[in-house]
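Asks: Before I ask anything, here is the structure I am working with.
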Amino acid sequence: MVDVDELRSYLKIDKHALDQELEEQPMLLFQISEAYVQAAAERDMLKEQVATIDANLDHAAREDFADQKYTEAMVKNLVQTDKKHDQAMLKFLKAKERSELLFALKEAFQSRGYMIRDLCSLYNANYFEEASARGTAGTDRATYKAGRERMAQARERR
């Protein structure tokens, strides 16, 4: 059984280790997808067990009422209040919660993959370089020179 908290910690992306993040992403996504499939299978099995227990309790209640008049509501109430139903339902609800949590985590890991791709695009565009934010001495000089040439041309036209 996978540890949800441990997998949740892998959602954070280290923008300074994008190569490692790219390598780990498919394995992590598969691991969480596999855990979700197993949790969903357990949830579905427990749902079937609840239905079977309820059917058996329904049958037993109808046999108990065999010589008396009874309503569907009376049978349903006996089924719903039985401890076997409560126990089976609690197991089912816990499994359902876990499968939904794993599904949300799977969605988050899919989104993480897109975010890694976007961060790689930013890296390729030199977004994380300090020089790209401020400009370099060479680009500052070129901008200055181009501005001086435009002003000189403007003076000549007058």
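The values are calculated or read from the model by the stated rules, or taken from the named source; none is laboratory data. Everything numeric in this text was worked out from a predicted model, so none of it was measured. Virtual Cβ from ideal backbone geometry, glycine too; neighbours counted across all protein chains shown.
Asks: Would a scan of segment 88-105 turn up a residue that is without any contact (Cβ under 8 Å) to a residue 40 or more places away in the chain and farther than 22 Å from residue 41 by Cβ? Break it down into steps so the answer makes sense when it comes.
Replies: In the first step, residues of segment 88-105 are kept if they are without any contact (Cβ under 8 Å) to a residue 40 or more places away in the chain; the result is 89-90, 93-94, 97, 100, 104.
From the residues that got through so far, the ones that are farther than 22 Å from residue 41 by Cβ too are none.
Scanning segment 88-105 turns up no residue that is without any contact (Cβ under 8 Å) to a residue 40 or more places away in the chain and farther than 22 Å from residue 41 by Cβ.
Asks: With respect to residue 77, determine if the residue is within 30 Å of residue 16 (Cβ to Cβ) and surrounded by fewer than 13 Cβ atoms within 10 Å (Cβ to Cβ).
Replies: no
Asks: Can you find even one residue in segment 2-17 that is part of a helix (DSSP H, G or I), exposed (fewer than 12 other Cβ atoms within 10 Å of the Cβ) and either over 14 Å from the mean Cα position of the chain (by Cα) or at pLDDT 95 or above (or both)?
Replies: Looking through segment 2-17, none of the residues is part of a helix (DSSP H, G or I), exposed (fewer than 12 other Cβ atoms within 10 Å of the Cβ) and either over 14 Å from the mean Cα position of the chain (by Cα) or at pLDDT 95 or above (or both).
Asks: Any residue at all in segment 92-109 that's at pLDDT 95 or above and hydroxyl-bearing (Ser, Thr, Tyr)?
Replies: Yes, segment 92-109 contains a residue that is at pLDDT 95 or above and hydroxyl-bearing (Ser, Thr, Tyr).
Asks: Out of 23, 34, report the one residue that is exposed (fewer than 12 other Cβ atoms within 10 Å of the Cβ) and at negative phi.
Replies: Just one listed residue meets the conditions, 23.
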